[in-house]
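Have a look at the structure below before the remarks.
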Amino acid sequence: MEENLRQEPGSCIRVVLFGPECTGKTTLSKQLAKHYNTQYVPEYMREYLQKKWDETKTVCEYKDMLTIAMGQIQLENKLAKKANKIIFCDTNLLELKVYSEAYYDGLVPKILKKISLENVYDLYLLTYIDTPWIPDDLRDKPQEREEMFLRFKECLEKYNLPYVVIKGDKTSRFESALTIISQLIKNKSEYNR
């Protein structure tokens, strides 16, 4: 089981869009992947849960956590092999851990808790809640956006992970992300000399 949740070794820079639902992660990850002519990893949880909702009208259950985690990391590993030096992940297993804690009274499958902290990302772009709320079948916490944002931020700080908060409209977010990522690429290049 553990090996099914691990990142495969690779040399590409990994940037993860991290934060609560409906904060522009998908939009920004697609914009960045297009700009850098590379891959973006979609959110497997959304696809999995939408299918579940369409078929049974049931929402996410605790027992779904490991299935979602395996689907997410398999997708990331597959697309990392096709990436052009950098890959943008529209979520990761650490985000799944935060959601599990929020929805299931602090419970997280033991293996997910362990591996979510072992998989490595070069940068987390923490998306702020200043985007409009757009309801759909799966989004369910419009009144708890600030609380959820703080959960994500506290997680990054607790584990001392490299992150930057991304705010503003689509253009501002994109430009901010480009500046930060350009510096990351420059630093990586200098370090690898």
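A short reminder: the numbers here are calculations on the coordinates, not readings from a lab. These numbers were taken from a predicted model, which means no experiment stands behind them. Every residue, glycine as well, gets a Cβ built from its backbone with ideal geometry; the counts of neighbours run over all protein chains shown.
Listed values, structure above:
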| read-out | value |
| --- | --- |
| Tilt relative to the chain, helix 44-56 - C-alpha long axis, 0 to 90 degrees, to 10 | 20 degrees |
| Between the stretch 92-152 and the stretch 1-70, the alpha-carbon center distance in angstrom | 11 Å |
| The stretch 141-193: C-alpha pair distances exceeding 15 Å, % | 64 percent |
| Nearest-ten-degree value, helix 145-158 long axis tilted from longest Cα axis of the chain | 60 degrees |
| Cβ-derived FRET efficiency at R0 25 Å, Lys85 paired with Glu118, nearest 0.05 | 0.60 |
| Helix axis angle, 25-35 relative to the chain longest principal axis, alpha carbon, degrees | 30 degrees |
| Ile13, Ile68, Ile180 arranged by Cβ crowding within 10 Å, fewest neighbours leading | Ile180, Ile13, Ile68 |
| Most mobile listed residue (Ala33, Ala80, Ala69) in the chain, GNM with C-alpha springs under 10 Å | Ala33 |
